[in-house]
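Remarks on the structure that follows.
The values are calculated or read from the model by the stated rules, or taken from the named source; none is laboratory data. The structure presented is a predicted model; accordingly, all values stated were derived computationally and were not measured. Ideal geometry is used to build each Cβ from the backbone, glycine not excepted, and the neighbour counts take in all protein chains shown. We work out accessible area using only protein heavy atoms, side chains counted, and drop any ligands, DNA or RNA first. Shrake-Rupley method; radii C 1.70, N 1.55, O 1.52, S 1.80 Å.
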Amino acid sequence: MAVTISLSHFTLPTFLYFLLLSTSHLPIFAINITNLLSSYPEISDFANLLATTSVAADLTQRSYLTLLVVPNTFLRSSDLLNNRSPPSSSSSNLGDVLRYHILLEYFSWSDLRLIPPTGKLVTTLFQTTGRAPNNFGSVNITRNVNSNSITIHSPTSNATILGLLKTLPNNISVFKVDSLLVPNGFDLMASETRPPLGLNITKTLIDAHNFNVAASMLTASGVEEEFERDEGGAGLTLFVPTDEAFSDMSSSMKFQSLPAEKKAVVLRFHVLHSYYPLGSLESIVNPVQPTLATEQNGAGSFTLNISRVNGSVGINTGIVQASVTQTVFDQNPVAIFGVSKVLLPQEFFGKNPIGSGSGESVVASPPEISLSPVNSPEIFSPPSHLSSPPILGKEVSSAANRKKGIFLWCIGFFYLLAIN
């Protein structure tokens, strides 16, 4: 049966009203958590921990999340601050405890009050690192039917929500909780400072026989000492170009003409400030990873896009697409991998490089991201899929632009109908 729709009373103002209504929930494409929390002094300690680790940078490419923050009065009485080194020497344990307080799903107050008494299992940012013991990177949220209080449970700790601190509807909520959540297998009473591995990175590269250029650059720049100082902290993952990668690099990139300080930044751009064995890289869930260069230049800059490409680990900088060719060294807390190309950052070699005029470079297309499956859930195991999967900012922006283009076309179409 055919249906005829009359447009005689569907005026342009009416259409614009529905158009604005439908676009009122477009997502925010980047979260600057440091700025968001800066106006709340009662949580300054927690905000400072986010800023002095790589956790704040982890959030810049996420569009939907719920953050559970611990106020100063509760945090200062916890084992986290009473049994750790100063923030400058924070370890991966500290960062992962903070990641455990970031839920990869947006919850409003009304959403939380609809949670059944039996609870809801929610994935945290800690689960995406691949370091969650036995894949216990999720929390269980329950609601007390009598008091209507909301409690977050981990296998070893609980925290009750005190109140809503900040919300950006449909994108991010920040709730205050009365206790620190500790992931399964963590002991905050133990010292978090790991004894240094004592690895001589340059010697390791020379002994591998195919990394002489990189070894010479590390020694000349002085950044090798920075790397080795970090071995006992959060750990390191180094992507080291082979000698062939340097010889195959196009002369138009003008890498050798960079001043010494920029070459040092490029070397830091090859290092992640966490230990990732090959298996973790192959199953990485959050593809956009900050580097040591990110820490010195600001969140969202000098990041690597890491994903599984054609059965191997691919690394995309926006300028070049490289792949991991071999494991040079792998002993917790340091992993060193050989890569097929020199990783050139967009900030120096893109269309609008930092500190120089305009220049054109060929930008590699982002690889197709392949996410690994997650184990079946039990009461504290992760869900079979992320509650809110990571979305790359550029992809979201592109989709939003296409959506806006369709809306504009529709406006023009209905306008023509209205005047005829």
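The figures follow:
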| item | result |
| --- | --- |
| Inter-probe distance in nm under a simple model that places probes 7 Å from Cα toward Cβ, at residue 216 and residue 149 | 6.6 |
| Total formal charge among the other residues, if their Cβ is under 13 angstrom from that of residue 163, Lys/Arg +1 and Asp/Glu -1 | 0 |
| Integer Hz, Karplus 6.51/-1.76/1.60 couplings in order for segment 287-301, x for Gly and Pro | x, 8, 10, x, 10, 4, 5, 4, 4, 8, 10, x, 4, x, 9 |
| Three-way shape call for segment 248-336 based on the alpha-carbon gyration tensor, with the a/c threshold at 1.5 | prolate |
| Environment charge of residue 239, counting only residues whose C-beta is closer than 12 Å and scoring Lys/Arg +1, Asp/Glu -1 | +2 |
| Long pairs among 203/341; 203/254; 120/166; 176/262; 166/263, criterion Cα-Cα beyond 31 Å | 176/262; 166/263 |
| In Å², nearest 10: area of residue 76 left accessible to a 1.4 Å probe | 130 |
| Three-way shape call for segment 291-333 based on the alpha-carbon gyration tensor, with the a/c threshold at 1.5 | oblate |
| Net charge over other residues, Cβ less than 11 angstrom from the Cβ of residue 300 (K, R count +1; D, E count -1) | -2 |
